[in-house]
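The values are calculated or read from the model by the stated rules, or taken from the named source; none is laboratory data. Given the structure is predicted, the values throughout are model-derived calculations rather than measurements. As a convention, Cβ positions derive from the backbone with ideal geometry for all residues, glycine included, and neighbour counts pool all protein chains shown. Note: accessible area is taken over every heavy atom of the protein model, side chains too, but ligands, DNA and RNA are not part of it. Shrake-Rupley method; radii C 1.70, N 1.55, O 1.52, S 1.80 Å.
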Amino acid sequence: MPRFRKFLEAMTEDGFYFNLIMIPFAVLLCILTADIRAPLLLAAFLPVLVYHYFLRVYVRKLSAFLFLTWIACIPGIFTAHPIVYTFFLGLICARSVRRRAFEESRLTLNFETICFPLVFLAALHVGADYLLVPQIRTFFHAQAVAVLLLALLYAHLSGVNRELELSNASSLQSTSVIADFAAKYILVYVLGFFVVLSLFKYVPFGSMLMAAGAFILRIAAFILGLFKGKGYVGFGESTALNRPPEQLPEMEPAPLWANILETVLMYALNIFVLVLLVLFVVFFFLRLYYGFYRKKGSKTFMLDEVSDIKPVAKKRGKRGIRGITDPVRRRFYRAVYKYIKRHKLNVSDTPHEMCEKLKERTDMTDLTALYEQVRYGG
């Protein structure tokens, strides 16, 4: 797989994590400074992702890799809030080290990975006034778009790259057609994403829906007036649906049985929610327990059947000439071992080939015939 596609896949993965790590630090900086410039400075550290990628690809020595990776924390010391920015860069460096050392640390997209950050960003967008920086709404909106878009791009790129690797390994066909089609497909998809995003940002869909709802209510009031025989009710006239609350007639108090039923339903709903929370906690800790003490080995699924795969213990025994008990085989081994060690013979050579290669050095015709008779039974 070409390195450029691997680079794009790595950048989308690292960018996704960069956005997730940036969310709490942006909130903290807003609280500390009440200034939009402090969270925006976090985005200035994006080139660190490219620097870490090339370190993971080209640096092969562990000590040098760790030293060069953690050097990226130094710029945070010279900022206005050195503790916050340095700790932020430290988390980015720790993520890069884990990504290089553990293959299972690759990004796995699921509902929680995408939904929770978006919900949290939506809550921050609504409560931006409490952070004393109303301008931060645009920043949180851009972060939400970046999280969703990077997740889509990473899912697309990683899937295409895996398929191209399988195609290269299993066939002789060129994969350029697949790559070109995938590139055009994702380009159209991203352009469509931004078009829809622009529509929802600049077109007042909310006001249009509210106006449509009010119009439907007035039509419904007019139709009900016709059925009741009260004649035509104009759109501008006062009706029960658009009358102010203080002008509405007083409602009779609910009967006792309705109050009791409402109380029972409220208690039942609270008990149901509490039971769900308890079950969630119990299953969480059970899953954590079984995941921590999981058995070694694995399972394979084939033809709707499950088979346990257990590692086979290695047999320990004597190696080399010490493991050969037959005297003829020991003599032959001693005769050819020194030439194998000097790379005059190959281990894959047959006894007859070894005899032919050594005929100018020593005569092994009789020993080879005797060895073949003992080793292969004539």
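Going by the conditions given, is Arg99 farther than 18 Å from Val48 by Cα and open to solvent by 20 Å² or more (accessible area, probe 1.4 Å)?
Judged against the criteria, Arg99 is not a match.
When both residues are 6+ apart or on different chains and their Cβ atoms are under 7 Å apart, which pairs have a first residue that lies in segment 80-92 and is closer than 21 Å to Asp14 by Cβ and open to solvent by 60 Å² or more (accessible area, probe 1.4 Å), and a second that is among the hydrophobic types (A, V, I, L, M, F, W, C) and outside any loop (DSSP other than H, G, I, E, B)?
Filtered contacts from segment 80-92: Leu91/Ile21.
How many residues are modelled with pLDDT under 85 and of a type in the set (A, V, I, L, M, F, W, C) when one looks only at segment 1-29?
Result for segment 1-29: 2.
Report the residue count in segment 312-343 for those that are modelled with pLDDT under 80 and open to solvent by 70 Å² or more (accessible area, probe 1.4 Å).
Total satisfying the criteria: 11.
Pairs only if they're at least six apart or on different chains, beta carbon under 7 angstrom, first in segment 57-68 and in contact (Cβ under 8 Å) with a residue 24 or more places away in the chain and closer than 22 Å to Arg3 by Cβ, second surrounded by 13 or more Cβ atoms within 10 Å (Cβ to Cβ) and of a type outside the set (A, V, I, L, M, F, W, C); list them, first residue then second.
From residues that are in contact (Cβ under 8 Å) with a residue 24 or more places away in the chain and closer than 22 Å to Arg3 by Cβ, the pairs are Phe65/Arg100.
Could you check how many residues of segment 1-21 are without any contact (Cβ under 8 Å) to a residue 60 or more places away in the chain and either open to solvent by 60 Å² or more (accessible area, probe 1.4 Å) or under 12 Å from the mean Cα position of the chain (by Cα) (or both)?
4
Quick one: which of Leu32, Leu42, Leu55 is in a helix (DSSP H, G or I) and open to solvent by 70 Å² or more (accessible area, probe 1.4 Å)?
After applying the criteria, what remains is Leu32.
Could you grab me the full set of residues in segment 102-123 that are open to solvent by less than 20 Å² (accessible area, probe 1.4 Å) and in contact (Cβ under 8 Å) with a residue 12 or more places away in the chain?
Within segment 102-123, Leu107, Pro117, Leu121 qualify.
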